[in-house]
1. Which ones in the range 63-110 are under 26 Å from Ser195 (Cα atoms) and more than 16 Å from the ligand (Cβ to nearest atom)?
2. Would a scan of the range 216-224 turn up a residue that is farther than 23 Å from Tyr185 by Cα, aliphatic (A, V, I, L, M) and at pLDDT 95 or above?
3. Can you tell me which residues in the range 127-143 are more than 10 Å from the ligand (Cβ to nearest atom) and touching a residue at least 40 places away in the same chain (Cβ under 8 Å)?
4. Which pairs do you get when a residue that is closer than 14 Å to Tyr109 by Cα, found in the range 153-176, comes within reach of a residue that is of a type in the set (Asp, Glu) and not in a loop (DSSP other than H, G, I, E, B), reach meaning Cβ atoms under 6 angstrom, with the pair 6+ apart or on two chains?
5. Would a scan of the range 58-73 turn up a residue that is under 20 Å from Ile116 (Cα atoms) and surrounded by fewer than 18 Cβ atoms within 10 Å (Cβ to Cβ)?
6. In the range 261-270, which residues are touching a residue at least 40 places away in the same chain (Cβ under 8 Å), over 16 Å from Leu187 (Cα atoms) and not in a strand (DSSP E or B)?
7. Modelled with pLDDT of 95 or more, under 23 Å from Ala179 (Cα atoms) and part of a helix (DSSP H, G or I): does that describe Arg241?
Amino acid sequence: MVNLHTSIGSFQFNNVLMNASGVHCMTAAELDEVAQSPAGTLVTKSGTLQPRDGNPAPRYASLELGSINSMGLPNKGFRYYLDYAIAFQAAHPDRPIFLSIAGTGPADYAEMAAVIQASDFTGLTEFNLSCPNVPGKPQIAYDLTTTEHILDDLFKVFKKPAGIKLPPFFDLAQFDAMAALLNRYPLTFINSINSLGNGLAIDAATDTALILPKGGFGGIGGAYAKPIALANVRAFRQRLRDDIAIIGTGGVTTGRDVYELILCGASLVSLGTVLQEEGLPAFTRLTQELEAEMTAKGYATIQDFQGQLKTL
Ligand code: DHB
């Protein structure tokens, strides 16, 4: 028998799988459904200071090997998700959950952080520095100076367990610089990666972009993202302090994919496109496939192979 128990800091989880923010987490009903699935934990849709409708549809499309989206941060406002999380922890004191927060400008992060700090929330807060889809707003984490200012302001007010959601990086010098910056802050975790920003997919029948916002540009997820996700988790695991855990996100379609993210150092693995495409049964299927892979490799626990990637 294999055991999928994992931990981040002092928080314990019975399964390494969770939803990726943005999928099946807009409403309390959707969040409840993830909580009732085999998932080990859940994260809310990234909440902003004010509720948002997001970008006009069509804003998500399935692709041969994944998906493209430009949702534009539709959400019910961060207070809705904070209220949900506080009620959830009261009902399930042994099931820590994640609150995701996104600014539409740098000052929003510390403002929302102060409200969460003053609240009864005792779980983990993920500050999303990598939303690629708000027209006219660059992804924050591609700008080290802005990232530094946000983290400086944030940790002046925020003393609860915190993490940040990162975009994919593609150069070893970027990993070096971002990890050196992150190691200066009391982070509990990072989540790597967000979608591959600003891809483009075209309908062959009509020669038209598949989604409407931003002239068709959108974040790419699914199998397209797998090698980039593995590399980002691995690169950050090699560079971050040992007490900063990594949530691995990106490119999961099989239990083997989950296993490989853990091999690269992930402590939890989140499901984006595969959850959107298959729905909640993805948690059952991937749990079974991960257990089968671990059994085939002779491992009984996640800790037996976490971070144990071999290189030539
Ligand atoms: C959205 C997309 C993201 O990748 C993200 O991190 C936050 C928000 C969105 O378009 O809603």
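1. Hits for the range 63-110 are Glu64, Leu65, Arg79, Leu82, Tyr84, Ala85, Pro96, Ile97, Ala107, Ala110.
2. The answer is yes, given that some residue of the range 216-224 is farther than 23 Å from Tyr185 by Cα, aliphatic (A, V, I, L, M) and at pLDDT 95 or above.
3. Pro135
4. Gly163/Glu126; Lys165/Glu126
5. no
6. Scanning the range 261-270 gives Ile262, Leu263, Cys264, Gly265.
7. Taking the combined requirement at face value, the residue does not satisfy it.
Rundown of residues vs (1) closer than 30 Å to Gly251 by Cα; (2) acidic (Asp, Glu); (3) buried (at least 16 other Cβ atoms within 10 Å of the Cβ); (4) out of contact with any strand residue (DSSP E or B) (no Cβ under 6 Å at 6 or more places or on another chain), yes/no style:
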residue	(1), (2), (3), (4)
Arg95	yes, no, yes, yes
Phe121	no, no, yes, yes
Pro132	yes, no, yes, no
Leu144	yes, no, no, yes
Asp152	no, yes, no, yes
Pro161	yes, no, yes, no
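The values are calculated or read from the model by the stated rules, or taken from the named source; none is laboratory data. None of these values were measured; they are calculated from a predicted model. Ideal geometry is used to build each Cβ from the backbone, glycine not excepted, and the neighbour counts take in all protein chains shown.
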